[in-house]
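All remarks here apply to the structure that follows.
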Amino acid sequence: MKGCECFLNDANLAFFIDNSIVLFIFVRLLITVSGMSGCIKNIIYLLVIMLLFPFSMLAGEELGHIPNKPKVDPLILKNIFSYSPFYARAVDEYKVDLYLKGRVKVHKSNKLVRYIPSMFRLENGVDDYILESVSEMHYMAPDVYNRKIKALSTTFPRDKGQIVDVTDFLHMNIYSSSIMTDKLLSPLDEKSSRYYHYLLDTVADVRGYHQYKILIVPKFDGTQLVNGYVWVDGVDFTIRETYMEGKFDMNTFKLHTVMGDSGDESFLPVRLHLNVEFKFMGNHLEMDAGAWMKYHSVIFNKDGKRKKSTKKHFHDLTEFYQLTCDTTKLITDKELFHDFRPFPLTPEEDSIYHSWADRRIDKEWEKIMNPEKKSSVFWGQVGDALIGSYNVNISGIGSVRCSPLINPVMLSYSHSKGLSYKQKFKYNRLFPSGRLLKVTPQVGYNFTHKDLYIKGDMSFLYWPEKQGSFDVDAGNGNRIYSSVVLDKLKAMSDNALDFKNLELDYFKDIYLNTFHSIEPVNGLYIKTGVSVHWRSLVNRQRKELMEIIDKIERMKIRSQYNTFSPRIRIEWTPGMYYYMNGTRKMNVGSSMPTFILDYERGLKNVFNSSDEHERLEFDVQQKIKLNQIRTLSYRTGFGLFTKMDNIYFVDFVNFSRSNLPEGWNDEIGGTFHLLDRRWYNSSSQYWRGHITYESPFILLRPLNKWLGMIQQERLYGGVLFM
């Protein structure tokens, strides 16, 4: 079978609420053909559509209101775009004391706000909250921010939950091509300038030099674009002040930033004010936050190159990564917090603290006077477990984490997979020596195929410096059929092949994998162990009927098959960056591809094993970050079964179908979205190739007026030979 799949996946066009709620926009172009000539024809057809789309964008893409201001002199814009890449890397390192104060106002809320993952818990009848923190922030190029919280004071019911992650705004480098940790297209980047209008609002005289106030207006709606203004120095074309408005993650934000006046602070922000409004399903919450920075040391980049680690090993980034908070030294006493404030609280802010203290006293008194209220507290905790993640830390035993039982991220739907749900639990215990024990049980159910999946993983990291670990995982896999069915498929022509008309003899699969993993050199993983499968026939009644009808078939099919397969897996990623967290080595990624070789040899008559085979798979995959916020991913590989004896089961590792939620990254595009799940076990060999392009404004830009919350679009392409 030869197949080509072109998949414009806006079923995976997702926008998030605090990176948790995923709403899928199903706008997709699906082309599936047999034969290379048809494949090429349809690819050309798709390219023609993509070429025609820009012409349709000419009508109606401009925003309705553009201020009546003159355009900025092209020479000024040219200087801004020329200096911005240099200023983006001007600062090599700095240390700063950061004071952050935020107020949250609840304008309107209903019970649905409880079901928004990562949203903080509201108190009944309480509409005003406040949070303060004092931190030490350390920046080191390239783009590594270490924030260590020293003091924290809040009136939130718990010290978790938020409307928006404020750290995204604190990590903003206005001169870079993308801002807010690669979420927004910077108006100061020349390549992004085609998405903006630049209008001259004011020319001011500051100390005998001109400063220009430039209005920035996006040409069309989009969550990656901002609206606002910048003040630009007319001499060195540095940014003195910015104001930006935009929408992201269901939040409308307004950000005002003031840069330092002179000296070391001239390239860095010294004050920041953020306003965020969250509106969703009848809920309206607003946060006002301010940040004040006091710099201790600023080190400038002399040669314009990215800073490198001073460690002996070039890829060791340990000096750039540190813990963000030492909970043993964290100051939370509200009475002591006034020593950290750069200025006193306002009377209104002070009253929020007094109201919080009064509520605490009332609740403690109510517990004493009404002990029967404990039952309602218990059921409140049960409700929290349904909608919120839970972390339970037990001294000397470890920590248990459970994701919310009601969590849209754990739900997925597609035409081929149907509706599925997954739940995962995590147990971790970190020993003083850096050794780590992890246990991860999970359960999932596919409602369309009515399959229940149970899986348990356990890993003991005994040699943290070399990632040495013992791993065990067990569970039940997808139902599979034997090589007898494959013989039937081979006897049928491609035109007559229809899985729906075949009566497949499915087997249940229970597996147990035991491995030893180690990283002898940086980026090279060697994993050795044994894989055991117990497969039993699902429809035993049909098997008994076949025994009566056909003696030959009876000789071929048994009700159970066992396999015992020693296995080795080698993964190599050149140029792997890492840092040491104590004695533990933590890999953080590489710009090079990952090569994977997986081999297993099925042995017969070992622990009642009945299958003899060899499986070999090779895989190469890489995710390449392009300019701004665009990425290109590819994956290619092959697999084959050889030396099969008697009955065997085609069960590849790299080429398999998951019937449970995979998330947005779905193996960096290495998924055949249109392929029926039964094809994955229908051939003893495969060759595959995938390419994925992720970017805003690929095809849906004309629809942004109605689909304005779309953050990213993906274009998938896949080729499969079997």
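Of note:
- Amide hydrogen neighbours beyond the local backbone of HIS210, cut-off 5 Å, H modeled: GLY234
- If the chain linking TYR421 and SER656 were pulled fully straight, counting 0.36 nm for each residue of separation and taking away their Cα-Cα distance, it would gain 82.8 nm.
- Residues in region 565-570 carry Karplus couplings, in order, of 9, x, 9, 9, 10, 10 Hz; the curve used is 6.51 cos²θ - 1.76 cosθ + 1.60 with θ = phi - 60°, and Gly or Pro positions show x.
- 22 Å Cα-Cα threshold exceeded, pairs from LYS148/LYS302; LYS101/LYS254; LYS148/LYS247; LYS455/LYS625: LYS148/LYS302; LYS148/LYS247; LYS455/LYS625
- Amide H within-cut-off set for LEU330, under 5 Å, with H built and near neighbours excluded: none
- The slack in the chain from VAL588 to GLU123, taken as 0.36 nm per residue of separation less the alpha-carbon distance, amounts to 163.5 nm.
- Ranked packing of 187-197, 102-112, most packed first, by mean Cβ within 10 Å: 187-197, 102-112
- Euclidean distance between Cα centres, region 215-247 to region 251-279, Å: 12
- With all protein chains in place and ligands, DNA and RNA left out, the 1.4 Å accessible area ranks ILE518, ILE130 as ILE518, ILE130, largest first.
- Of LYS450/LYS508; LYS183/LYS438; LYS191/LYS213, those spanning more than 23 Å from alpha-carbon to alpha-carbon: LYS183/LYS438
The values are calculated or read from the model by the stated rules, or taken from the named source; none is laboratory data. No experiment lies behind these values; they were computed from the predicted model shown. So basically every Cβ, Gly included, is an ideal-geometry build from the backbone, and we count neighbours across all protein chains shown. Note: areas computed on protein heavy atoms with side chains; ligands, DNA, RNA excluded. Shrake-Rupley method; radii C 1.70, N 1.55, O 1.52, S 1.80 Å.
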